[in-house]
Amino acid sequence: MKAIVFSGGGAKGAYEAGVVTTLIKDGEDFDIVCGTSIGAINASFTAQGKIDELATVWHSIASTKIIDPVPRVRAIQALLNEAVAVVEAHNALEKFERVAQGSLRAIAKLRELSPLETLLKVKGALEPTGAQKILSKHLSLSDVNRILIASATNLSLQRQETFFLFPEGYASYQAEFCAQEKEAIEFTPALFAETIRASGAIPAAFEPVPLPIAGASPWAYVDGGVTNNTPIGQAIDAGADTITILYVDPEEGPGQQPTATLADILMGCFSMMQQRILALDYQTALRVNDAVGAAATDTKEKSVVKIRTFRPSTVLAPGIIDFNRQDLIDAAFAQGQADARNPALRDRYVT
């Protein structure tokens with residue numbers, strides 16, 4: 001069976017969307033769709049066959065206010081703006097007026113932020129409503145007509161978990177998959193959209209997503225890329241013998257990243273962690289192929305898997321949270337379309 005695997009990467013996921021929409025419109029199809037983080041969102045649209053909707057969402061995503069600070073973060077921004085206005089006043093009278101007016105506004109903002117314990121309880125810098133609106137509008141478990149697998153990180157229990165749906169006709173594959181994946185949980189209609197959102201809840205950027213799995217008290221979930229950025233192994237466990245992997249960074253890595261702010265540092269660390277997991281997953285798959293080819297005794301139940309990869313040749317312009325830069329998003333999407341039409345990439349499989 002053919003599988004497509006979407007890696008994480010935030011706003012760079014526009015590249016993946018460009019690749020998959022082009023491949024499917026050119027006649028390719030996939031039995032198994034896997035994804036993590038933004039890749040889980042792309043995968044959920046693909047597994048429903050909603051390719052046109054996926055393209056529409058990416059081409060209008062800047063207007064959905066996915067990057068919208070929570071009230072306390074907006075209060076900090078306003079406080080800093082008042083301080084900058086005072087510093088930039090050009091004469092003594094203007095400076096005095098700015099200081100007087102700014103001080104009153106600053107005091108009001110400080111009241112919003114105090115006590116310090118309240119500020120420290122902020123679990124995420126960005127509002128979740130933009131992503132919630134998109135996913136609740138477009139995702140329906142009843143529309144999924146391919147095997148769908150998504151990874152999320154259970155922060156409460158400190159473990160990776162794999163969510164899945166095997167449509168009618170794939171029961172035998174589901175049994176084998178669940179035998180291999182010990183922390184596998186079946187999607188439920190009521191929690192489908194929120195589970196996909198949990199897979200993309202970047203730590204610090206978005207607060208953890210509470211999911212009441214199996215009727216238990218809600219556990220807190222964060223981005224699946226924390227533990228499994230590219231679910232290649234899950235695709236193989238689901239029965240894939242041909243896998244297309246979509247990356248969002250060139251082979252040499254994402255290039256030099258900014259480190260000027262706390263947000264830059266956090267996003268940089270998260271991206272580096274994701275890329276490391278991604279590389280290890282890919283190398284593991286190739287080593288299993290080598291072992292099978294050499295007829296190793298511990299691989300008698302495994303088979304060689306054909307693997308094809310798509311990845312940009314240069315660093316994509318959007319940063320992880322640049323969802324408000326529609327120009328950069330559209331450029332990344334277009335680059336994905338161009339790469340999907342490139343015979344050198346489209347027809348290149350390794351074993």
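The values are calculated or read from the model by the stated rules, or taken from the named source; none is laboratory data. Bear in mind the structure is a predicted one, so any value in this text is a computation, not a measurement. Please note: Cβ atoms are built from the backbone with ideal geometry, for glycine as well, and neighbour counts cover all protein chains shown. Quick note on the areas: whole protein, heavy atoms, side chains included, nothing else; ligands and nucleic acids left out. Shrake-Rupley method; radii C 1.70, N 1.55, O 1.52, S 1.80 Å.
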Original post:
For region 306-346, what are the residues that are under 21 Å from ILE243 (Cβ atoms) and free of Cβ contacts under 8 Å to residues at least 24 places away in the same chain?
Top reply: ASN342, PRO343, ALA344
Original post:
Using beta carbons and a limit of 8 Å, which pairs, at least six apart or on different chains, have the first residue in region 164-180 and farther than 16 Å from GLY233 by Cβ and in contact (Cβ under 8 Å) with a residue 12 or more places away in the chain and the second one open to solvent by 70 Å² or more (accessible area, probe 1.4 Å) and part of a loop (DSSP other than H, G, I, E, B)?
Top reply: PRO167/ASN145
**OP:** Only helices (runs of 4 or more DSSP H) wholly contained in region 1-62 count here; list those with 3 or more residues that are modelled with pLDDT under 95 and open to solvent by less than 10 Å² (accessible area, probe 1.4 Å).
**Re:** none
Subject >> ALA92 farther than 23 Å from GLY224 by Cα, among the small types (Gly, Ala, Ser) and either surrounded by 24 or more Cβ atoms within 10 Å (Cβ to Cβ) or at pLDDT below 65 (or both) >> reply: yes
Original post:
Can you pull out the residues in region 140-151 that are at pLDDT 95 or above and closer than 17 Å to GLY233 by Cβ?
Top reply: ILE147, LEU148, ILE149, ALA150
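Table: residues versus (1) within 27 Å of ASP339 (Cα to Cα); (2) aromatic (Phe, Trp, Tyr); (3) out of contact with any Pro (no Cβ under 6 Å at 6 or more places or on another chain); (4) surrounded by fewer than 22 Cβ atoms within 10 Å (Cβ to Cβ).
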| position | (1), (2), (3), (4) |
| --- | --- |
| ALA204 | no, no, yes, yes |
| GLU207 | no, no, yes, yes |
| PRO212 | no, no, no, yes |
| GLY215 | no, no, yes, yes |
| PRO218 | no, no, no, yes |
| ASN228 | yes, no, yes, no |
| ILE245 | yes, no, yes, no |
| VAL248 | yes, no, yes, no |
Original post:
If the Cβ limit is 9 Å and pairs must be 6+ apart or interchain, which residue in region 121-132 that is under 14 Å from ALA220 (Cβ atoms) and modelled with pLDDT of 80 or more pairs with which residue that is of a type in the set (Asp, Glu) and part of a loop (DSSP other than H, G, I, E, B)?
Top reply: PRO128/GLU207
